[in-house]
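Only one structure is covered here, and it is reproduced in the block below.
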Amino acid sequence: FNKIGIIGAMVEEIELLGQHVQVTKETVKAGITYYEGQFHGKTVIYCKSGVGKVNAAVCTQILIDLGADCVLFTGVAGAIDLSLNIGDIVVSTSCVQHDMDCSPLGFARGEIPFHVRSEFVADERLVQLAVDSSNRLFEGRSLKGIVLSGDQFIASRETVALLRETMNGACAEMEGASVAHVCDMNEVPFVVIRSMSDKADGSAHVNFPEFTVKAANNSYAIIDDMLRHM
Ligand code: ADE
């Protein structure tokens, strides 16, 4: 890859990059700042998208227009797979928008009507790099699976059960599938890496800020390790 795009949604998810990337160029577009520079000898361009699918979609398109030829997403998520604990890692095999729902018209939940596909498959090589890094750093605490995205903070056991049983999700967050969708439209390879900040069961308000910092740092550690091995 010639220019590696890296996106996080929140400041916690991106600030460690800011401390390690030698930034040589800044571009502001649509209110988002894109920082370009060197990281472990590679050219990277990173940014903070803001929360939610629209912010992430606009951000991804601009990142690609600025020359990113692959996209890594780093951040936190709510666990859906029962084996996951706080801090554990999910590497996306694919991403689906769980809040896309035209079921009254006979479409499956998550299916985008009349679109080429609704499940966006992550790049095999990037997935393998991320899995290798998570095995090195978080042995036994990571899995590959489906990342579900929607403009909702999931906070109930019932919804978690629904997302697990009907959509086979490993974790829920608010950006990955829109990044994946835009990458797919542009034929740009991507992978989403998420560390669990909560179990999406309604207890997140108790310790979300604390666990978010911890989880975001775990996700960053994988990006750091991946870049060393790319
Ligand atoms: N990001 C972190 N935790 C989340 C949750 N429970 N739902 C959606 N996005 C999240």
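The values are calculated or read from the model by the stated rules, or taken from the named source; none is laboratory data. What you see is a predicted model, and the numbers here were worked out from it, not measured in a lab. Neighbour counts are summed over all protein chains in view; Cβ atoms, including those assigned to glycine, are modelled from backbone coordinates with ideal geometry.
Among the residues that make up the range 171-188, is at least one of them surrounded by fewer than 17 Cβ atoms within 10 Å (Cβ to Cβ), β-branched (Val, Ile, Thr) and on the phi < 0 side of the Ramachandran plot?
No, the conditions are met nowhere in the range 171-188.
Can you pull out the residues in the range 130-154 that are polar (S, T, N, Q), over 16 Å from Leu72 (Cα atoms) and within 16 Å of the ligand (Cβ to nearest atom)?
Passing the criteria: only Gln152.
Take the residues of the range 168-180 that are out of contact with any Cys (no Cβ under 8 Å at 6 or more places or on another chain) and either of a type in the set (Asp, Glu) or more than 14 Å from the ligand (Cβ to nearest atom) (or both): which is farthest from Lys214 (Cα to Cα)?
Asn168
Search the range 14-41 for residues that are under 18 Å from Tyr220 (Cβ atoms) and pair each with any residue that is crowded, with 17+ Cβ neighbours inside 10 Å and among the basic types (Lys, Arg) when their beta-carbon atoms are under 7 Å apart and the residues are at least 6 apart or on different chains.
The qualifying pairs are Ile14/Lys48.
Could you run through the range 1-33 and say how many residues are part of a loop (DSSP other than H, G, I, E, B) and out of contact with any strand residue (DSSP E or B) (no Cβ under 8 Å at 6 or more places or on another chain)? Even if it seems obvious, please write down each step before you answer.
The first filter runs over the range 1-33 and keeps only residues part of a loop (DSSP other than H, G, I, E, B), leaving 1-3, 9-10, 21, 30-31.
Next, only the ones that are out of contact with any strand residue (DSSP E or B) (no Cβ under 8 Å at 6 or more places or on another chain) stay: 30-31.
Number satisfying all stated conditions: 2.
Name the pairs whose Cβ atoms lie under 7 Å apart, with the first residue in the range 209-225 and farther than 17 Å from Tyr46 by Cβ, the second polar (S, T, N, Q) and crowded, with 18+ Cβ neighbours inside 10 Å, and 6 or more positions between them or separate chains?
Between residues of the range 209-225 that are farther than 17 Å from Tyr46 by Cβ and residues that are polar (S, T, N, Q) and crowded, with 18+ Cβ neighbours inside 10 Å, the close pairs are Phe211/Ser197; Thr212/Ser197; Ala215/Ser195; Ala215/Ser197; Asn218/Ser195.
If I go through the range 181-216 residue by residue, how many of them are in a helix (DSSP H, G or I) and either at pLDDT 95 or above or within 11 Å of the ligand (Cβ to nearest atom) (or both)?
As a first pass, look at the range 181-216 and keep what is in a helix (DSSP H, G or I): 181-186, 204-216.
From the residues that got through so far, the ones that are either at pLDDT 95 or above or within 11 Å of the ligand (Cβ to nearest atom) (or both) too are 181-186, 204-205, 208, 211-212, 215-216.
So the count comes out to 13.
Go over the candidates Arg117, Arg125, Arg157, Arg228 one by one and state the one that is surrounded by fewer than 15 Cβ atoms within 10 Å (Cβ to Cβ), more than 14 Å from the chain's Cα centre (by Cα), under 16 Å from Thr74 (Cβ atoms) and more than 10 Å from the ligand (Cβ to nearest atom).
Arg228
Is it the case that Ile89 is touching a Leu at 6+ places or on another chain (Cβ under 7 Å), of a type in the set (A, V, I, L, M), closer than 22 Å to Phe138 by Cβ and buried (at least 24 other Cβ atoms within 10 Å of the Cβ)?
no
It is to be established whether one or more residues within the range 34-51 are part of a helix (DSSP H, G or I) and touching a strand residue (DSSP E or B) at 6+ places or on another chain (Cβ under 9 Å).
no
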